[in-house]
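Presented below is the structure to which this report refers.
Each value in this text was obtained by applying a stated rule to the coordinates, not by laboratory testing. Because the structure is a prediction, the values reported are computed rather than measured. Every residue, glycine among them, receives a Cβ derived from its backbone with ideal geometry; neighbour counts consider all protein chains shown.
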Amino acid sequence: MAVPKRKTGRMKTHSRRAANNNIKLVQTVACPQCGAQKLPHCVCPNCGTYKGRQVIAVD
Ligand SMILES: [Zn+2]
């Protein structure tokens, strides 16, 4: 089994873990029909339209 030759340094460990600190919030866009925040390129969960067309029934 391969064994590490040297102890992983503090800098190496920290910079590896710091890569997860750059995770950003999911981007949203305003729906052109109702103005609600929705995921881009997805059907609006509020009014059920996509590209100005009713896709899913929403009550
Ligand atoms: Zn909408």
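General observations
- Among residues of the stretch 26-53, those that are out of contact with any strand residue (DSSP E or B) (no Cβ under 9 Å at 6 or more places or on another chain) and either assigned to a loop (DSSP other than H, G, I, E, B) or aliphatic (A, V, I, L, M) (or both), counted: 5
- Residues of the stretch 7-59 that turn out to be surrounded by 10 or more Cβ atoms within 10 Å (Cβ to Cβ) and more than 12 Å from the ligand (Cβ to nearest atom), as a count: 4
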